[in-house]
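Just below is one structure, and these are the notes that go with it.
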Amino acid sequence: MVSIQVEDLSESRKKLTVLIEAAEITKEEKKLVGEFSKQARIPGFRPGKAPASMIMNKYGKDVAEELKRKVVATAYDKINKDDSIQVYTIVDFHEGEIEAGKDATIEFTVDLDPTIDLPDYKGIAVTVPKIEVTDQEVNETVYTLRSQRADFVEKESEASASDYVQLGYEGFLAGKPLSETITDQPVFSKQNSTWEEAGTERADFPGLAKELVGLKKGDEKEITLNFPDDFRVEGLQGKSVQYKVNITEVREKKLPEMDEEFLKSMSVESEKELKENVLNDLTNRKEQESNQIKREQIMNFLAEKSTFAIPQSAVDGESTRILQGMLQQQAQSQEALENPEITQLEMQDRAKEEAEKRVQINLILNKIAELEEIKPEDQDFQAMIYQEAMYTQQKPEQIAKDLRKDQGRLRSMHESILINKTLDFLTEQSTVSGNLETPEKEKK
């Protein structure tokens, strides 16, 4: 006889104790001895005819290992056949002592599949910005395209806004060189040569860009920069730093004329065609942004209206992946961190919070996909492979070959396709209830 005892460890995590009576264990061992006997070569006995005692003397260790495997499999099969227990994943298990003539106790720690009560997910109300591209936006984009192809010509006169200025500087705090107090970030203390765009402020040097307007080659100037209280470098927070600046070169940005050469470089024949292309690109971009806003509102609605116990193992796994990404990004960052230990603790908290959100919405979307019979098709995988090929400059055939060898990556691709197709379905089913106000900075 086999029975199961359930102990609550948390809302989603349970300890399942499977009890298997001694008679079942003895019966399974006898069966295994018979199977070993058929394969054994014992002098003086035909296959399958050697006494059980001789089989156990020669193969006892192997029989014990196989018995343990069989009993654990029987225990898990019992769990799977119990309709009241839906296992999401096995977190841990202990098989205890398993031998003939004794009851066996196998303990499984499992996370259960959540019971998700879905809200009405068809016709979710969303509010999106009105898709409208102004002439000003088109003209600003054309200006940016020209700026990307600009020449920078050395000039002897004073720097104007948008000119590039080559300068050296040294900072002083309370009359002492800043290098004595800010030792790990020389960019703030002293630089012999660097370039800055006059008139275009940078958060790292508040007020510097405007001070460069009006200076020319050979000029020297002392300027004071006031760093905010929440500045990222602790030693500069709320401090006023005096900088001695010397200008070594000024270059003026010369935009290309809207002539045949420039238009040809943009693969168009006229300024009108260029602006039409820009208009189409901006419209497509705003449509994509609108679609993303819809998705976010739909996910927020589903997360708010669907409450259930999230499997802790899923959160732990996702949190680890997110944290690894954060640490890689940190390692590649140019910014020095004042207190890495505290920062890592903060990142762990952020990773866990983000993981809970991702796992919750993914479980909800998977449930909807199941109900709506949404499944990834071959063409979905092909499209994703071609996208990756374009991004990585690899051959699609090579990516497909690598995927066949990497089941984890293949599962991840399957999940990504499923989630996106489900969100597309929900977006198509949604109802636009109004328009968001366009931010003032976009109206200007």
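The values are calculated or read from the model by the stated rules, or taken from the named source; none is laboratory data. Keep in mind that what you see is a predicted model, and the values were worked out from it rather than measured. Counting neighbours? That spans all protein chains shown, and the Cβs are built from the backbone with ideal geometry, glycine included.
Assorted remarks:
- Among the criteria (1) farther than 24 Å from Glu252 by Cα; (2) crowded, with 17+ Cβ neighbours inside 10 Å; (3) within 34 Å of the chain's Cα centre (by Cα); (4) not charged (D, E, K, R), the one Ser189 does not fulfil is (3).
- Test set (1) under 30 Å from Gln148 (Cβ atoms); (2) touching a residue at least 24 places away in the same chain (Cβ under 8 Å); (3) surrounded by 15 or more Cβ atoms within 10 Å (Cβ to Cβ); (4) not charged (D, E, K, R) - Gly171 fails condition number: (1)
- Screening the stretch 17-41 for residues that are in contact with a Pro (Cβ under 9 Å, 6 or more places away or on another chain) and outside any helix (DSSP H, G or I) and picking the one that is surrounded by the most Cβ atoms within 10 Å (Cβ to Cβ) gives Ala40.
- Subset of the stretch 383-404 (residues that are closer than 27 Å to Thr427 by Cβ and in contact (Cβ under 8 Å) with a residue 12 or more places away in the chain): Met384, Ile385
- Output for the stretch 300-312, where each listed residue is surrounded by 19 or more Cβ atoms within 10 Å (Cβ to Cβ) and either in a helix (DSSP H, G or I) or not assigned by TED's automatic domain parsing to the domain that holds Asp349 (or both): Leu302, Gln312
- When Ala40 is tested against (1) closer than 28 Å to Asp103 by Cβ; (2) more than 51 Å from the chain's Cα centre (by Cα), exactly one condition is not met: (1).
- A single member of Gly101, Gly123 is in contact (Cβ under 8 Å) with a residue 40 or more places away in the chain, surrounded by fewer than 13 Cβ atoms within 10 Å (Cβ to Cβ) and under 30 Å from Val63 (Cα atoms), and it is Gly101.
- Candidate set from the stretch 201-223 (those that are touching a helix residue (DSSP H, G or I) at 6+ places or on another chain (Cβ under 9 Å) and surrounded by 14 or more Cβ atoms within 10 Å (Cβ to Cβ)); member that is farthest from Val245 (Cα to Cα): Asp204
- Pick from the stretch 86-98, criterion part of a loop (DSSP other than H, G, I, E, B) and more than 31 Å from the chain's Cα centre (by Cα), ranking: surrounded by the fewest Cβ atoms within 10 Å (Cβ to Cβ): Glu97
- Within the stretch 206-220, the residues that satisfy the criterion of being in contact with an Asp or Glu (Cβ under 8 Å, 6 or more places away or on another chain), free of Cβ contacts under 8 Å to residues at least 40 places away in the same chain and under 17 Å from Tyr164 (Cβ atoms) are Leu208, Ala209, Lys210.
- The numbered conditions (1) over 24 Å from Gly175 (Cβ atoms); (2) assigned by TED's automatic domain parsing to the domain that holds Tyr169; (3) charged (D, E, K, R) are all true for Glu261 except (2).
- Any chance Ser53 is in contact (Cβ under 8 Å) with a residue 24 or more places away in the chain and in the same structural domain as Lys78 (by TED's automatic domain parsing): no
- Annotation note: of Arg251, Arg285, the sole residue that is basic (Lys, Arg) and buried (at least 16 other Cβ atoms within 10 Å of the Cβ) is Arg251.
- Restricting Thr144, Thr194, Thr181 to those that are surrounded by 13 or more Cβ atoms within 10 Å (Cβ to Cβ), free of Cβ contacts under 8 Å to residues at least 60 places away in the same chain, among the hydroxyl-bearing types (Ser, Thr, Tyr) and at negative phi reduces the list to Thr181.
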